[in-house]
Amino acid sequence: MAYTIRDILDRVDRFPRVDIIHRPTPLRKLERLSARLGGPEIYVKRDDLTGLAFGGNKSRKLEFIIADMLEKKADVVITWASLQSNWCMQTAAAARTFGIKPILMLFKAADQPATADGNVLLDVILDADIRFLEKEKGRIVKAAQAMDILEEAGRKVRAEGHRPYLVPVGGSLVRGDMDKPLGAISYVAGFAELLDQTRNGGGTEPDFVVHSTGSGGTQAGLVVGAKAMAPACRIIGISVSDPKGPFSDEVLEIARETDEALGLGLGILPDDVTVFDEYLGQGYGIVDRAVAETIRLVFQTEGIVLDPIYTAKAMIGLQDLIKTGFFKPTDKVLFLHTGGTPALFPNRDKIFGFLVKKA
Ligand SMILES: *Cc1c(COP(=O)(O)O)cnc(C)c1O
């Protein structure tokens, strides 16, 4: 059974939300890029233009997560991610505007300089309480281990008379004080928004949505939204960190929790979750030549700035899927720009090296 956009938005509206983003974010056709890639019809939805602190998918999620913090009377938020995290910066920015103090646990490799650049600069300007933690080089931090560190910090903050709210990386998994998949719920609404835009623009629905996937909440929300309102539309997550097997299970888990939280009864199946892990390059956060060249290509053809950690890798995936005949020429493929552009600047030397210096 299919749900209407109105049905879905009514259900999402049962969850409290604060108003911190520009909505709807722009959606337009990328004629020049489509021509350049000789590919299907490509569209972009600009969630890099949500408006909170340089924009990005995390601010959509934070509308619901901040509202939950306010309901639970939290005065401190504690979260974690990697050093140049968009999530942590966006959380700090949103929290500050509501009088909530941010504590950020930023994991970095021993040889990674913690200079005040990119998102770290913004964290410093926000006067976030930043704690640097060391991770093994090239290793992904385990969520369970990070949550233990958050719990310990939470106990201290509580002993000082505050009410902390612990939230997992990316606001995706149901963990800590976030007892509903609020990040994913925001992207069910995000899918309704894009569907409304494509239908009202006189166009037809997208056949595919392609986006960068990291902690899974964005993809889980899109999967639920598509299954509910436009079951022919496939969501393609391009992983920037995890191998597809265990990661797909995580997306499935979040999608099922989202289906349940909204009371939709969709019965999300493993087949509803498509993840490609072929475009990780050398791993999370590693900027290579393909990343630099893809940022240049999209900037030159469309005037749109991609980020080197997430959206450039998703675009590398999209280009390759076009090249290898994954799409039909008549397919409508929507690329979701999830933001992250502050990460361009701490990667300036790499990008410069690939694009400017002659090899
Ligand atoms: C966090 C992030 C993603 C991934 O979203 P998840 O919901 O964590 O999977 C993609 N792009 C950017 C720019 C991000 O910051």
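Ala192 - would you say it is more than 13 Å from the ligand (Cβ to nearest atom) and crowded, with 16+ Cβ neighbours inside 10 Å?
yes
Condition first: away from the ligand (no atom under 16 Å from the Cβ) and either surrounded by 21 or more Cβ atoms within 10 Å (Cβ to Cβ) or farther than 30 Å from Val287 by Cβ (or both). Can you find one or more residues in the range 177-184 that meet it?
Taking every residue of the range 177-184 in turn, at least one turns out to be away from the ligand (no atom under 16 Å from the Cβ) and either surrounded by 21 or more Cβ atoms within 10 Å (Cβ to Cβ) or farther than 30 Å from Val287 by Cβ (or both).
Considering only residues that are surrounded by 19 or more Cβ atoms within 10 Å (Cβ to Cβ) and among the hydrophobic types (A, V, I, L, M, F, W, C), look in the range 26-60 and name the one that is nearest to the ligand (Cβ to nearest atom).
Applying the filter and picking the extreme gives Phe54.
Of the conditions (1) free of Cβ contacts under 8 Å to residues at least 60 places away in the same chain; (2) crowded, with 24+ Cβ neighbours inside 10 Å, Ala116 satisfies every one except a single condition; which number is it?
With respect to (1) free of Cβ contacts under 8 Å to residues at least 60 places away in the same chain; (2) crowded, with 24+ Cβ neighbours inside 10 Å, Ala116 is out only on (2).
Quick check on my filter: what residues within the range 122-142 are under 21 Å from the mean Cα position of the chain (by Cα) and without any contact (Cβ under 8 Å) to a residue 24 or more places away in the chain?
Result: Arg139, Lys142.
For the range 195-214, which residues satisfy the criterion of being of a type in the set (A, V, I, L, M, F, W, C) and within 16 Å of the ligand (Cβ to nearest atom)?
Listed by number, the residues that qualify are Val209, Val210.
Among what's in the range 215-252 and is over 22 Å from Ala192 (Cβ atoms) and in contact (Cβ under 8 Å) with a residue 60 or more places away in the chain, pick the residue that is nearest to the ligand (Cβ to nearest atom).
Val240
Which residues, taken from the range 334-352, are touching a residue at least 40 places away in the same chain (Cβ under 8 Å) and more than 12 Å from the ligand (Cβ to nearest atom)?
Residues satisfying the conditions are Leu334, Phe345, Pro346, Asn347, Lys350, Ile351.
Conditions first: (1) within 16 Å of the ligand (Cβ to nearest atom); (2) modelled with pLDDT of 95 or more; (3) among the hydroxyl-bearing types (Ser, Thr, Tyr). Thr301 passes all but one, so which condition is the exception?
Here Thr301 clears every test but (1).
Within the range 74-89, track down each residue that is polar (S, T, N, Q) and more than 8 Å from the ligand (Cβ to nearest atom).
If the condition is that a residue be polar (S, T, N, Q) and more than 8 Å from the ligand (Cβ to nearest atom), then Thr79, Ser82, Gln84 are the ones that fit.
Here are some residues: Arg139, Arg158. Which one is of a type in the set (D, E, K, R) and more than 23 Å from Gln282 (Cβ to Cβ)?
The conditions single out Arg158.
The values are calculated or read from the model by the stated rules, or taken from the named source; none is laboratory data. Worth saying up front: this structure is predicted, and the values here are computed from it rather than measured. Cβ: placed from backbone, ideal geometry, glycine included. Neighbour counts: every protein chain shown.
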